[in-house]
Number of protein chains: 2
Amino acid sequence: MFRFHIRIVLAFFAALLAGTVANAETLTETSPDGQITLTVSDDGGMARYALAYRGEAAIAPSQLGLLFRDHHGFDGHLAIAGSTRAASDSTWEQPWGERRVMRDNHRELAVTFAASEGPARSMTVRFRLFDDGVGFRYELQEQDALKGEVNVMEELTQFAVGEDTQAWWIPSGLFNRYEYIYRNGPASEVETAHTPITFRKASGVHFSIHEAALVDYSAMSLQQQRPGTLKARLSPRSDGALVQTTAPFHTPWRTIQIAPDAKGLINSGLILNLNEPNALGDVSWVEPGKYVGIWWAMHINERSWGHDGIHGATTEETKRYIDFAAEHGFNGVLVEGWNVGWDGDWYYNGALFRFAEAFPDFDLAELGAYAQSKGVRIIGHHETSGNITNYENQMEAAFDLYQKNGVATVKTGYVADAGRIARIDENGVPRYEWHDGQIMVDHHLRVVREAAKRHIAINPHEPVKDTGLRRTYPNWVSREGARGMEYNAWGSPPNPPSHEATLAFTRMLSGPMDFTPGIFDLRHNSRPPVRADIPRHDPENFAQTTLAKQLALYVVLYSPIQMAADLPENYAKRMDAFQFIKDVPTDWEESVALDGAVGEFVAIARKKRGSDEWFLGALTDENPRALTLKLDFLDPGRRYVAQVYRDGDKADWQTNPYDMAIYEQRVRAGETLTLPLASSGGAAIRFVPVGD
Amino acid sequence: MFRFHIRIVLAFFAALLAGTVANAETLTETSPDGQITLTVSDDGGMARYALAYRGEAAIAPSQLGLLFRDHHGFDGHLAIAGSTRAASDSTWEQPWGERRVMRDNHRELAVTFAASEGPARSMTVRFRLFDDGVGFRYELQEQDALKGEVNVMEELTQFAVGEDTQAWWIPSGLFNRYEYIYRNGPASEVETAHTPITFRKASGVHFSIHEAALVDYSAMSLQQQRPGTLKARLSPRSDGALVQTTAPFHTPWRTIQIAPDAKGLINSGLILNLNEPNALGDVSWVEPGKYVGIWWAMHINERSWGHDGIHGATTEETKRYIDFAAEHGFNGVLVEGWNVGWDGDWYYNGALFRFAEAFPDFDLAELGAYAQSKGVRIIGHHETSGNITNYENQMEAAFDLYQKNGVATVKTGYVADAGRIARIDENGVPRYEWHDGQIMVDHHLRVVREAAKRHIAINPHEPVKDTGLRRTYPNWVSREGARGMEYNAWGSPPNPPSHEATLAFTRMLSGPMDFTPGIFDLRHNSRPPVRADIPRHDPENFAQTTLAKQLALYVVLYSPIQMAADLPENYAKRMDAFQFIKDVPTDWEESVALDGAVGEFVAIARKKRGSDEWFLGALTDENPRALTLKLDFLDPGRRYVAQVYRDGDKADWQTNPYDMAIYEQRVRAGETLTLPLASSGGAAIRFVPVGD
């Protein structure tokens, strides 16, 4: 029996909107530009908020609250007991990033709700309103009603986005976290979703829900509570609590980025603005750059991580990559599979890994010195297979070893089923955690801090999602956290043509991704197996793009470290196209999303840091299209030579992926440029200023 | 990075199947008829089981295990330490049911796994193999390693059903439990699922996963762990544990019913066979029967639960229903909305309800006596709005009152959002529980036992799912637990034409459902509103069936108590069709599913208990079809008059739902009968034996 529910709830919201409930208090605040309106109320004894953008509801009235295991929580019987307001407009600089100068212009409303039943207690919800969205967090002061260990058992935060609002999301709670093909449909079809989740209203307004500054808390995903209303869903700890803490504490910021169109979401700086400033001091030792590595060869079954006769990480092979890197201006060589453990059945047995012990055919000291002699550094690798106790026991020694050998970046790995991160607790009991629960949130930060002591940057794969902590810990340079290029090696299915055009408006809103672009042999499966007993993957397994789209990825998918993922010999065959990868930087003065539609196409321009050069990347899904772009991002009045790498007129990702037109063209700011993009094609452009 | 996973896991299973892992032990057992083969192993230190049916894998090797909060669990490092075998073949009788005599013929294999790491400990997995499927449960003995309070934090049970196996399911974890439209697709599309979940392999073999004898434990739903492999997902308690208990304890039976075709699942008795025998002694006071009531009028906005001028549960209106029931041979009249609480904003405020206090316009004593004077009983109603503390505080007095007034059946209700069952714990802290967590499993049984003391039967709506406990507590007569008829009053959307043809092979495998069939005014929305401020529901809200299909539901959807849900005045208009509802019994000697395909059509025959009459119900989805049924269920050599109620030749649920052919026809066992079913149509037949 259910109908009453609808009737009562509708009546309730009607009352809420009409403000007819006796004694209810309603507070409002707007963004600096007045476009976003926040409403906070205690109608009916519930803490609720709502957001409107340009007069249209973005988030309908939605509940706020927390429940605890052993303490009275904040659910009903709440009243607004006070509020404070503030405003701030400042700028700050990123040591590296998609733009150097960040503006943080916001208004703040902090609302304190007090409970009228049970023990005296209060919670404050602090809202920050920017022109590009809103963040809010719960702040719990020390108080008699929250003495001792506090176990958060539920976060009641709702996001009433509306049933018919279009959504792009990946489910939360399934196997191998975050690595899914994006789904698209009305919000009513969302069962569970990781964030960022991106929405489009019929009006064209876009918004995206995520979180910022996830520290010592569990990550928030979403679950549909009733059609069109999503509710916070925190990953539980293995002891069943969602979060274990003590008062005072505050939650991460729950964020809603809002823009009049899709590209506006990409241009938002809200997530970083809601993070704390750099806590590491001088971080000039964090070096953006490009790298190659012993990696793709394993994914396409030409080499292996272990000793089955085709071991990849040998001293000799690594030198070959170092030579290639040095010759072409890359500053890193990733080596996976060099340390003891890879020969065993390491899946579910992460304890096998010895992070400071090399296989006999690999000499780290020799290679570290050899690389540095050529201006290159080894990029280290720590695959934990999810056993974090084994890793933390060895972590300091392992980082020491890397530091000694000139390794400045380490890729970490947590290959394990969802909910199968293994640890031994303080009583010696084996426990299993989620990839994005509080235990792992804490672990990742411990790794980042330990690495920072040795001036090492961290790039976790199978990570916890990014929430902008690179601002506070700038050695947290990149991470995986979505389906990367590897899925084109062996994924079933591989990434569809719409994938990168979706990532740009979803996953990438959270921060840099180590996507590992740049595959030049687009049909790796057509080559004969290297050995009869190691077959190639399925015939469907190849990158579902044109070659030009591979180049576009370097601009579209921001990361301060970018891999050129293919084998040196494959680049050697196409040095004309490879030139763009050699030229494209990974650190930017400014970034401007020019145009796009979620899952369909995107065009982004970025200005190289410390230079007057601009770069542009554009790509499309399976639909060919001609993009007409206004070059008003270029410096006014200035002339440029545009070095264009675009799909050839007969290019098609399925039938003719290599057809590419490479040419130069003179342009100036304000002109328009038309780029024909093939089916799953792209374009990459370098703009070099020339004298007037 | 993910590919290694695939490679290693494949290698692992290959080794497992080949039996090449050193020292691994494998045990097998078969069903009595030899068609089902169970394999249990400890390969790789993991407890695993697999099921094959007629030589084809049904469940590929799947993990078994449990994890605890403060104790070492059972995950890896396990070895088979012993096993016992048994066999049993017996019969028992149901006091009421879909068949009287039940055969329990099974073999048993109990396997004890001991841990080789950490403290000495063991768990036993007891398997029972029937010809119609397999059940297994975990049994944990008292042991040093499980001292004190045991909090189950994970059940590792997997069901590797295969990616491409077709599945029919409802998601678990969303708003208002169990009340969803069924989904259908390959198992790889299942994100979460409640049980029963039903599968069809390409071979035509069907199987269904569920559980039996859910007592003092959390209900099991399923979650996809990797494509085609589902994992147990127990509803957590509000304190974060999945289950809180002490050793010794055992889990409910995890069940896999298997049959060569869809109808075989309906004919299975496995769920009941895995429950404990009747614990209540003489239960002749539990009376199957049919009822009418003050209910549908509220759902179609003609009456209301509260006092807004159209109150339904008045003394006068109830007498009208009692008179109608008595005249037409019904033994019950349900009355909802008679007790104090319905006038308030009771949603989220279940504490408003007073279960022993009537509204002034309702006289329970007078009506109880009036009903009994006519051979009818009031069916009581307890809507809790999910506040179980408020209910339990009043429950004994409320049942006392009902008993005093001749009420023999009580419908309980738990209208509350998922995860919003409210209670006050022993420390006075408000808590929120899931509908199917351990707290509610315990609550429901407490209600059933308390009611049994007063010879009252219980019919919960928004219940915990059925797991066959009616065998042990025969006063637990029915329940809701799926989308019932009410969704055709106001559901958005209403139940689709495939709904009942899906329920028969999914929800109904768990036990009786109080679906409340028999709507005769199939266009309730075309009538004018009773009052201008109370509009009718959306135009789409009407039963998506023909009238003949409404009759078929009484045979297809088994329940010992069946409602004739429509208003008396609507039955008065169609007394010819109503005759079938008057004739059809609700207690059966035997039931035989004759034919069907999940979500498409179903035909079931049942023999009236204590009679030689048979009844048949058949219904179809939106596709019209001619069903040819062999009448070999009838008693051999006997002649019958078949009273046929079937779709007329021009019937169609959308354009002509009332067209029905009602006629008599002579038949005998072994003959074939062809029934033309209209789009979303049906047929209902009463077979009355006649002299040879």
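The values are calculated or read from the model by the stated rules, or taken from the named source; none is laboratory data. Since the model is a prediction, treat every value here as computed from it, not as a measurement. A quick note on method: Cβ atoms are made from the backbone with ideal geometry, for glycine too, and the neighbour counts reach across all protein chains shown. Keep in mind that these areas ignore ligands, DNA and RNA; they rest on the heavy atoms of the full protein, side chains included. Shrake-Rupley method; radii C 1.70, N 1.55, O 1.52, S 1.80 Å.
The table that follows gives values for the structure above.
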read-out: Positive dipole terminus of the range A:289-481, leading residue within A:368, A:315, A:414 (C-beta point charges); value: A:368
read-out: Calculated label separations, residue A:93, copies of the chain, 7 Å along the beta-carbon direction, nm; value: 9.2
read-out: Contour minus Cα-Cα distance for residue B:365 and residue B:574 (0.36 nm per residue); value: 71.9 nm
read-out: Among A:328, A:384, A:339 the positive-end extreme of the charge dipole of the range A:289-481 (Cβ point charges); value: A:328
read-out: Rounded Å value of the spacing that divides the Cα centres of the range B:155-194 and the range B:653-692; value: 35
read-out: Inter-copy label distances at residue B:260 (7 Å, Cα→Cβ; nm, one decimal); value: 6.9
read-out: Counting DSSP beta bridges with both ends in the protein assembly as shown, the antiparallel % (nearest 5); value: 85
read-out: Cα-Cα over 21 Å, subset of B:411/B:465; B:147/B:465; A:411/A:453; A:411/A:607; A:263/A:290; B:630/B:650; value: B:147/B:465; A:411/A:607; A:263/A:290; B:630/B:650
read-out: Other-chain or far-sequence residues with amide H under 5 Å of residue B:334's (modelled H); value: B:292, B:293, B:294, B:379
read-out: Cβ-placed point charges (K, R +1; D, E -1), dipole of chain A about Cα centre in debye, nearest 20; value: 960
read-out: Two-site FRET efficiency, residue B:654 against residue A:600, from Cβ-Cβ distance with R₀ of 35 Å, rounded to 0.05; value: 0.40
read-out: Mean ellipticity per residue at 222 nm, deg cm²/dmol - from DSSP H runs of n ≥ 4 across chain A, formula -39500 (n - 2.57); value: -5000 deg cm²/dmol
read-out: Extreme residue, positive dipole direction of the protein assembly as shown, given options A:657, A:187, A:469 (C-beta unit charges); value: A:657
read-out: Whole-Hz ³J(HN,Hα) from phi, Karplus 6.51 cos²θ - 1.76 cosθ + 1.60, for the range A:598-613, glycine and proline x; value: 4, x, 10, 7, 7, 9, 9, 10, 9, 9, 4, 6, x, 7, 9, 7
read-out: Whole-Å distance, taken between Cα centres, linking the range B:81-119 and the range A:461-540; value: 49
read-out: Along principal axes, Cα extents of the protein assembly as shown, largest first, whole Å; value: 105, 72, 64
read-out: Within the range B:286-348, trypsin sites (Lys or Arg not before Pro) in DSSP loop having at most 16 other beta-carbon neighbours inside 10 Å; value: none
read-out: GluC sites (Glu not before Pro) restricted to the range B:133-186 and DSSP loop, no more than 12 other C-beta within 10 Å; value: B:142
read-out: Backbone HN-Hα couplings from phi across the range A:449-463 [Karplus 6.51/-1.76/1.60, Hz, Gly and Pro as x]; value: 5, 5, 5, 4, 4, 10, 6, 10, 8, 10, 9, x, 9, 6, x
read-out: Inverse of mean 1/r across different Cα pairs in the range B:99-142, Kirkwood, Å; value: 12.4
read-out: Estimated FRET transfer efficiency when R0 is 45 angstrom, pair residue A:532-residue A:397 (beta carbons, to 0.05); value: 0.65
read-out: Tail beyond 20 Å, pair distance distribution of the range B:289-481 (Cα, percent); value: 54
read-out: FRET efficiency estimate (nearest 0.05) - Cβ-Cβ, residue A:373 to residue A:626, R0 56 angstrom; value: 0.70
read-out: 0 to 90° range, to nearest 10: angle between helix B:364-373 axis and chain B longest Cα axis; value: 80
read-out: Distance between the range B:261-323 and the range A:336-387 - C-alpha centres, whole angstrom; value: 67
read-out: Lys, Arg +1 and Asp, Glu -1 on Cβ, resulting dipole of the range B:2-273 about Cα centre, debye, nearest 20; value: 460
read-out: Percent RCO, i.e. relative contact order, over chain B, from Cα pairs under 8 Å lying at least 6 residues apart; value: 11
read-out: Three-way shape call for the range B:89-248 based on the alpha-carbon gyration tensor, with the a/c threshold at 1.5; value: oblate
read-out: Nearest-20 debye value, the protein assembly as shown charge dipole, Cβ charges on Lys, Arg, Asp, Glu; value: 1140
read-out: The range A:529-624: C-alpha gyration tensor shape, a/c 1.5 cut-off, then a/b vs b/c; value: oblate
read-out: Intensity falloff of chain B expressed as log10 I(q)/I(0), Debye formula with alpha-carbon point scatterers, at q = 0.07 Å⁻¹; value: -0.47
read-out: The range A:610-692: trypsin sites (Lys or Arg not before Pro) in DSSP loop, at most 13 other beta carbons within 10 Å; value: A:650
read-out: With DNA, RNA and ligands ignored, accessible area of residue A:526 (1.4 Å probe; Å², nearest 10); value: 100
read-out: Zero-based 10 Å bins, Cα pair distances in the range A:2-273, whole percents; value: 7, 29, 37, 23, 4, 0
read-out: Helix axis angle, B:388-404 relative to chain B longest principal axis, alpha carbon, degrees; value: 50
read-out: Neighbourhood net charge (10 Å Cβ-Cβ; Lys/Arg +1, Asp/Glu -1) for residue B:417; value: +4
read-out: Nearest-first distances (nm) between copies at residue B:449, label 7 Å from Cα via Cβ; value: 5.0
read-out: For the B-to-A rotation axis, chain B residue with nearest beta carbon and its distance in angstrom; value: B:240, 1
read-out: Built amide H within the under 5 Å cut-off of residue A:477, gap 5+; value: A:458
